[in-house]
1. Give Thr32, Thr23 a once-over and let me know the one that is of a type in the set (S, T, N, Q), without any contact (Cβ under 8 Å) to a residue 40 or more places away in the chain and either more than 30 Å from Ile305 (Cβ to Cβ) or open to solvent by less than 70 Å² (accessible area, probe 1.4 Å) (or both).
2. Looking at the range 190-237, what helices (runs of 4 or more DSSP H) fall wholly within it and have at least 1 residues that are aromatic (Phe, Trp, Tyr) and surrounded by 17 or more Cβ atoms within 10 Å (Cβ to Cβ)?
3. Within the set of pairs 6+ apart or on separate chains, which have a first residue in the range 100-114 that is under 11 Å from Gly278 (Cα atoms) and open to solvent by less than 40 Å² (accessible area, probe 1.4 Å), a second that is small (Gly, Ala, Ser) and at pLDDT below 90, and C-beta atoms under 7 Å apart?
4. Which residues, taken from the range 76-92, are outside any helix (DSSP H, G or I), open to solvent by 30 Å² or more (accessible area, probe 1.4 Å) and within 17 Å of Ala302 (Cβ to Cβ)?
5. Identify, from the list Leu140, Leu126, Leu134, the residue that is open to solvent by 60 Å² or more (accessible area, probe 1.4 Å), assigned to a loop (DSSP other than H, G, I, E, B) and farther than 26 Å from Ala12 by Cβ.
6. Checking the conditions here, which among Gly124, Gly165, Gly147, Gly205 is within 18 Å of the chain's Cα centre (by Cα), of a type in the set (Gly, Ala, Ser) and at pLDDT 90 or above?
7. Hey, Gln48 hits all of (1) modelled with pLDDT of 80 or more; (2) loosely packed, with under 13 Cβ neighbours inside 10 Å; (3) over 26 Å from the mean Cα position of the chain (by Cα); (4) within 22 Å of Ile285 (Cβ to Cβ) but one; which does it fall short on?
8. Can you tell me which of (1) open to solvent by 20 Å² or more (accessible area, probe 1.4 Å); (2) touching a Phe, Trp or Tyr at 6+ places or on another chain (Cβ under 7 Å); (3) in a helix (DSSP H, G or I) is the one Tyr182 doesn't meet?
Amino acid sequence: MIRYIIRRVLYAVPLLLGVNILTFLLFFVVNTPDDMARMHLGQKHVTQEAVEGWKHERGYDLPLFWNEKAEGADKATRTIFYQKSVGLFLFRFGRSDSGREIGADIQQRMWPSLAIAVPSLLMGLLVHISLALLLVFFRLTYLELWGIALCVVLMSVSFLFYIIGGQYLIGKLLQLTPISGYDGGINAARFLILPLIISVIAGVGSGVRWYRTLFLEEVEKDYVRTARAKGLSEPRVLFGHVLKNAMIPILTGVVVVLPLLFTGSLITESFFAIPGLGSYTIDAISQQDFAIVRAMVFLGSALYILGLLLTDLSYTLVDPRVRLG
């Protein structure tokens with residue numbers, strides 16, 4: 001197990017390096033530091049002195065990869081790539097183009113993201129799996145037929161419609177929850193209820209259909225027929241055997257998502273004014289703060305690789321036959 005984890009971590013290094021280099025090229029070669037300066041200072045009536053001053057304040061006046069004017073190791077270290085990208089591997093995110101500490105912002109904003117993402121995941125799993133098992137229990141009946149039709153309809157509706165409709169109906173007409181905003185401590189709960197409800201409902205269509213497909217594959221297997229032949233009731237067969245043996249594909253989808261919960265939801269946080277990492281990224285894009293965008297891209301890539309590793313490890317917990325070599 002330890003050898004497998006070490007090997008996977010070593011495999012992750014070139015992947016992260018590739019993501020880092022590609023992101024760097026997009027932000028510093030396709031979009032040069034001069035372009036960044038003019039976007040921040042304004043396209044019109046910007047002097048070259050102002051552009052050079054903006055670049056110097058942020059360290060963007062250095063060569064990209066190799067500094068011919070420096071000596072020794074400084075040829076590689078006194079470059080934009082080393083000072084702005086290499087530190088990401090140690091999760092040293094540096095300062096944003098506006099001068100704020102990116103690491104401090106991430107530590108502050110990750111909690112609102114987790115506060116909405118974790119309950120949404122858990123509640124979504126409970127609701128979607130329960131509804132899928134209900135459809136399997138009533139398979140080949142009109143209830144299953146209309147349930148599938150409803151899932152298709154729900155899948156066809158845009159997530160933005162759920163947000164706008166939920167804000168109008170629950171927040172404005174019924175006035176049960178605030179439409180948007182956020183507060184610290186226990187007061188945050190009343191601001192999280194509406195996005196939680198919308199997230200669960202918006203995922204019912206795709207989630208229920210996905211889990212229903214998994215469960216239907218299991219109910220046709222021999223061990224299920226054997227369980228029924230022993231006289232077990234259908235609920236015991238579904239919950240005691242089918243659900244247990246469908247855990248590997250369920251974990252595949254869930255565990256991969258877990259690390260990405262950290263980075264938050266771009267759309268949900270933006271529409272509900274939740275000060276999480278999702279809205280942090282959107283604000284950075286709108287303000288053209290490329291230092292934050294680079295940091296969030298790297299963080300998301302690292303967490304996704306971590307999710308893949310956790311997925312493989314979780315297989316051994318639900319299926320003793322799986323061995324990691």
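The values are calculated or read from the model by the stated rules, or taken from the named source; none is laboratory data. In this text, all values refer to a predicted model and were calculated from it rather than measured experimentally. Glycine gets a Cβ as well: all are built from the backbone with ideal geometry, and neighbour counts include every protein chain shown. We work out accessible area using only protein heavy atoms, side chains counted, and drop any ligands, DNA or RNA first. Shrake-Rupley method; radii C 1.70, N 1.55, O 1.52, S 1.80 Å.
1. Numbers: Thr23 fails: without any contact (Cβ under 8 Å) to a residue 40 or more places away in the chain.
Being of a type in the set (S, T, N, Q), without any contact (Cβ under 8 Å) to a residue 40 or more places away in the chain and either more than 30 Å from Ile305 (Cβ to Cβ) or open to solvent by less than 70 Å² (accessible area, probe 1.4 Å) (or both) holds for just one of Thr32, Thr23, which is Thr32.
2. Working: elements: 204-219, 222-229, 234-237.
By residue number, 204-219.
3. Final answer for the pair search is Pro112/Gly276; Ser113/Gly264; Ser113/Gly276; Ser113/Gly278.
4. In the first step, residues of the range 76-92 are kept if they are outside any helix (DSSP H, G or I); the result is 78-79, 85, 91-92.
From what is left, the residues that are open to solvent by 30 Å² or more (accessible area, probe 1.4 Å) are 78, 91-92.
Of everything in the range 76-92, those that are outside any helix (DSSP H, G or I), open to solvent by 30 Å² or more (accessible area, probe 1.4 Å) and within 17 Å of Ala302 (Cβ to Cβ) turn out to be Phe91, Arg92.
5. Details: Leu126 fails: assigned to a loop (DSSP other than H, G, I, E, B); Leu134 fails: assigned to a loop (DSSP other than H, G, I, E, B).
After applying the criteria, what remains is Leu140.
6. Details: Gly165 fails: within 18 Å of the chain's Cα centre (by Cα); Gly147 fails: within 18 Å of the chain's Cα centre (by Cα); Gly205 fails: within 18 Å of the chain's Cα centre (by Cα).
Testing whether each residue is within 18 Å of the chain's Cα centre (by Cα), of a type in the set (Gly, Ala, Ser) and at pLDDT 90 or above leaves just Gly124.
7. Only one criterion in (1) modelled with pLDDT of 80 or more; (2) loosely packed, with under 13 Cβ neighbours inside 10 Å; (3) over 26 Å from the mean Cα position of the chain (by Cα); (4) within 22 Å of Ile285 (Cβ to Cβ) is unmet by Gln48, namely (4).
8. With respect to (1) open to solvent by 20 Å² or more (accessible area, probe 1.4 Å); (2) touching a Phe, Trp or Tyr at 6+ places or on another chain (Cβ under 7 Å); (3) in a helix (DSSP H, G or I), Tyr182 is out only on (3).
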